[in-house]
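See below for the structure under consideration.
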Amino acid sequence: MRVVRFPTRPTRVADDVRAALTSLGRGQSVVGGVAVLGVTPPDSDLRLDAVLVLPRGVFVVVGVDLPDPAMVLSAPLHAEWKADGWPLVRPDREDATEVNPGLPALALAGRLADRVHAVDPTIAVGVVIAVGPYVKTVEQPPEDAAGPVRVVYPTAASILDALDALPVTPRRLTTQQLRAVLADLAPDAPEFEDAVLIAEGFSTATPPADPAPAVPPSRVSPAGPPDTPPMSSQDTFRSSPRRRVALAAAALFVVTLIAVTVLTVSSREAPPPAAAGPGSGQEAPVTVAGVAFTPVARDAASRCGPHHAVGDVQSFLLEHGCVELLRGSFTTTVDGRSVSVSVGAVTFADDTVAGRFEELATTPGTGILTDVATEAGRWAHTAPTFEGAAYTTRRDGATVRTVLAQVDDPAGKEEKLTSRVAQTALDLPLR
């Protein structure tokens, strides 16, 4: 997929959308097509997070910012949304009216679909509503899931799954159709040569004359229940006062998704395999401050790629890059308890960028470096989720280290044990 970036970011979740799409790479081996980020069509007040013009159709990505992270988001198209069982409410109304923030997103997507169909009525249009800052599970009613709209927390894997499920145009789009759509939606986008577009999966054939108009799948009525207030895309929402998700828990929410997301994305993106590890008996344990750590997997990269992190941490690394990233996974036994440890060390071009990264990495809910043994499938036991893990960081000049430590079979509170292991693991050698 070719990615064209414009500066417009209509929502906070736009950064996650950008990171997910950028990670797909070029060519049609994964999905192909052209993604235009921050779309603002001329003569229009539309501001969209992304429009994907693929060989199989056009897909609109509209962001919706939630007030807090959530484990489960219930997101019906025409009823109130609930985060972990509690309705979202409008903070600017005295009656705290419950709302559906997907309705304005659908309205925006519908207007974009109208523009696409005005250019070519044969092109199918699907809708992806991207929610954030983080949602572990999005629930849609079966009748909604069978239609042209998907609600997802944006990762490379979730967006690919959504695209696979949405309606498609019967024939591959041609380079001519692509250029016509881009000329209307983003005339300032760069011109791609035919060879580039063919590599992205588009056809050079001439579309058949007088084609029958496609059923406009994205034309989902934005009208909700009578008591659902209309809102603009700039409206904000908050959870019911009865329920708040602590920001400190957000980091743990993100970490629980690491194993599933990284394994799924790595299978599609085929990242470089981790070096054969000491977990298979090839390396001796490493002792630091009297604690023996057995290596499971290691990885060294000269640049930071999309599969190396998740959340805002991933976006930061993709935007700023790095000169080296070292990762290591270890096991240790302390006080008779088995502990899994994930360590990362990111080196930047200068101390200033490193300082900004450290500040981001220590903020709850911003994401984490991914675990290399989970990515490579090297854990001898079930891959740790690192939910509830001890987390610590340290900066040495232009290098920032992060550590996660989790007891493999927790039995009660383990904070002191895992915190001690995490602090010790900051000095583990990663080469």
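The values are calculated or read from the model by the stated rules, or taken from the named source; none is laboratory data. Keep in mind that what you see is a predicted model, and the values were worked out from it rather than measured. With ideal geometry, Cβ positions are generated from the backbone for all residues, glycine too; neighbour counts draw on all protein chains shown.
Quick look at the numbers
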| read-out | value |
| --- | --- |
| Count of residues meeting criterion [assigned to a strand (DSSP E or B) and farther than 17 Å from residue 65 by Cβ] in the stretch 137-164 | 4 |
| Count - residues of the stretch 345-384 that are part of a loop (DSSP other than H, G, I, E, B) and under 20 Å from the mean Cα position of the chain (by Cα) | 8 |
| Breaking point among (1) without any contact (Cβ under 8 Å) to a residue 24 or more places away in the chain; (2) touching a Phe, Trp or Tyr at 6+ places or on another chain (Cβ under 8 Å), for residue 145 | (2) |
| Search result, residues across the stretch 115-136 that are of a type in the set (Gly, Ala, Ser) and not in a loop (DSSP other than H, G, I, E, B) | 118, 126, 130, 132 |
| Qualifying residues in the stretch 1-24 (those that are over 19 Å from residue 157 (Cα atoms) and more than 15 Å from the chain's Cα centre (by Cα)) - the one surrounded by the fewest Cβ atoms within 10 Å (Cβ to Cβ) | 7 |
| Residue check for residue 390: under 19 Å from residue 328 (Cβ atoms), in contact with a strand residue (DSSP E or B) (Cβ under 6 Å, 6 or more places away or on another chain) and not β-branched (Val, Ile, Thr) | yes |
| Filter result (surrounded by 23 or more Cβ atoms within 10 Å (Cβ to Cβ) and at pLDDT below 90) within the stretch 149-182 | 156 |
| Residues of the stretch 25-41 that turn out to be more than 17 Å from residue 191 (Cα to Cα) and surrounded by fewer than 24 Cβ atoms within 10 Å (Cβ to Cβ), as a count | 6 |
| Lone qualifier among 143, 139 - being farther than 22 Å from residue 6 by Cβ and modelled with pLDDT of 90 or more | 139 |
| Lone qualifier among 345, 389, 383 - being closer than 26 Å to residue 321 by Cα, in contact (Cβ under 8 Å) with a residue 40 or more places away in the chain and not aromatic (Phe, Trp, Tyr) | 345 |
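To keep it simple, each residue is scored yes or no on (1) outside the structural domain of residue 155 (by TED's automatic domain parsing); (2) surrounded by fewer than 17 Cβ atoms within 10 Å (Cβ to Cβ); (3) modelled with pLDDT under 90.
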residue	(1), (2), (3)
65	no, no, no
68	no, no, yes
74	no, no, no
83	no, no, no
87	no, no, yes
94	no, yes, yes
97	no, yes, yes
